[in-house]
Amino acid sequence: MDFFSEVLQDPWKIVAAFALALLVHSLLTFIKTPKNAPPFYREQPYIPWLGSLVQFATGPREFLQRAAKAKGNCFTIQLFGQQMTFLSGSEGHQHFFRAKEKSFDIREAYAMTVITFGPGVCYDCPQSKMAQQFAFFKDGLSDARFIEYMELVQDEVATFFDQEWGDEGEADLLQSLSDLYTLTSSRCLLGEEIKKRWKSSGMAEHYLALDHSFVPILFFFPSLPNPHKNKCINARKLFTKIFQEVIDERKEKMKADSDYKPPQDFLQVLMEAKYRDGKSLTITEITGILVGILLGGQHTSNVTGTWLMSHLLKEKEWLEKVMEEQDSIFKDKEGKLHPATLSFEEVQKMPIFDQVLSETLRLHPPFFQLSRAVKEASTFGDYVIPEGHIVNISPGAAHRLPELWGENAEDFNPSHFTAEAKKEHKPYSWIPFGGGMHQCGGRKFAWNSLKVSLTWLLRNYELEFVGKGAEELPKEDYTTMVVAPTSSHTRVKYRRRKNA
């Protein structure tokens, strides 16, 4: 019998081996940590190797705010044996976003996404290729593109609520917006052909496997078996097959008819895109990018939309201001508050709603933290962030720091975003879309899509939360990558407005 077999048969030897491993890990960490490393923060209970898991899992925002108050805008905590350094405040955010890729590597930090997006896409390719792929995002999701999508989005919104809600009833707003934004994204980004196949082909069902594949523990251990791996592989195979069919159909139509104009959706953008070396994207890359943009757009939009409505329906003063603004915009449309369609220019003339949306994203940024792997030691102030750490910023915690947003930083106050107030904002104080070279390429599409859909909903329905949502704001659900409101607080009662 070998040594390891003996250990496994004796519980006390297992405990001793585990304790020895913890001791060795602690010694190695201590030896490798420079004297001028960021200060270490811990609270009780503190568990060796697991570190501050209890506090981070149960109240991450409050925990990081306590750490920043105690240690300043640069500190380190431990989670699952990993040294996690957090930067906060205007200077900390600037350092994070302005660092070169060779120092702070986004690809290693998000290595677990390869299960969802597939190989050779986004964070699973060289930095130069990743940058070119992100440039395709920006091209396909620009304001100019959204102008072309305006009518499609509004048509999807009106059709969805007419079919799914009707004139009055109750519904889970979070789920309804999730279903809605899946439809608007699939039609504008994937194309009408994909939307028609969405349910009948099995894509809707397989999409759920991709949706559930972001398991938080894999952030720390990307090599662990992902329980959704096989489902993701099968889902990508189906998506690849359907995308290839549509691409072939469009190419055949272009060959057969010189007057044929393909839809100007994001799929077409990727079909026509070229890397700097002149090569076209492979079908695997097209599939991965489309899956990424669909997941990102749907999740962040339905979560942000629900948070916005949760605040707005409780803040009657701001609800009245928003509705007055809608009245003023549409007073020339035959006296109706419910026009069938809006122009892109009209959607831009909603400063009050912009303030409400900005404040919602301040209090509830979709992603609680953004991370990079430290590949080269980096100096920040008096500290050196060592190689091997994971460096992070937390929009979820920083957006409520008094040093950035005043003593009432926890309160919902859209006046933070008046034209005058914005002049006083510190650099990188508002970062719901990230910043620097990796700032969200779909932010303009998401912004306009939210404005179009949510103002349509407010113009056409009277809404009120019921159950727990009527009594209090939802809690944050930190069990998923995008911080959603707790579903127990998102049920609404609705009634179609007269003449709508």
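Data overview
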{"quantity": "Highest to lowest packing among 173-182, 202-211, scored as the average C-beta count within 10 Å", "calculated": "173-182, 202-211"}
{"quantity": "Förster radius 35 Å - calculated FRET efficiency between Glu472 and Ala419 (Cβ-Cβ, nearest 0.05)", "calculated": "0.60"}
{"quantity": "DSSP beta bridges in the chain [antiparallel fraction, %, rounded to 5]", "calculated": "90"}
{"quantity": "Nearby lysines by direct alpha-carbon distance to Lys237 (threshold 19 angstrom, same-chain neighbours under 8 apart not counted)", "calculated": "Lys195, Lys196, Lys199, Lys229"}
{"quantity": "Pairwise centroid distance, computed over Cα atoms, of the range 337-399 with the range 98-136, Å", "calculated": "19"}
{"quantity": "Chain lengthening between Lys274 and Gln175 when straightened (0.36 nm per residue, less Cα-Cα)", "calculated": "31.9 nm"}
{"quantity": "Simple Cβ-charge dipole of the range 157-301, Lys/Arg +1 and Asp/Glu -1, about Cα centre, in debye nearest 20", "calculated": "940"}
{"quantity": "Cβ-defined net charge surrounding Asn73, 11 Å radius [Lys, Arg +1; Asp, Glu -1]", "calculated": "0"}
{"quantity": "The chain, dipole about Cα centre (Lys/Arg Cβ +1, Asp/Glu Cβ -1), debye to the nearest 20", "calculated": "1060"}
{"quantity": "The chain - mean residue ellipticity at 222 nm from DSSP helices (-39,500 (n - 2.57) per run, n ≥ 4, rounded to 500)", "calculated": "-16000 deg cm²/dmol"}
{"quantity": "Extreme residue, positive dipole direction of the range 33-496, given options Leu267, Leu294, Ser223 (C-beta unit charges)", "calculated": "Ser223"}
{"quantity": "Neighbourhood charge, 11 Å Cβ-Cβ cut-off, centred on Arg145 and excluding it, Lys, Arg +1 and Asp, Glu -1", "calculated": "-2"}
{"quantity": "Alpha-carbon centroids, the range 254-333 and the range 460-484: separation in whole Å", "calculated": "23"}
{"quantity": "Options Thr76, Phe137, Met437, ranked by Cα towards positive dipole end of the range 33-496, top entry (Cβ charges)", "calculated": "Thr76"}
{"quantity": "Among Ile194, Phe243, Ile147 the positive-end extreme of the charge dipole of the range 111-257 (Cβ point charges)", "calculated": "Phe243"}
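Bear in mind that the values in this text are calculations on the coordinates, not laboratory data. Note that the structure is a prediction, hence the values are computed from the model and not measured. Cβ coordinates were reconstructed from backbone atoms using ideal geometry, including for glycine residues, and neighbour counts include every protein chain displayed.
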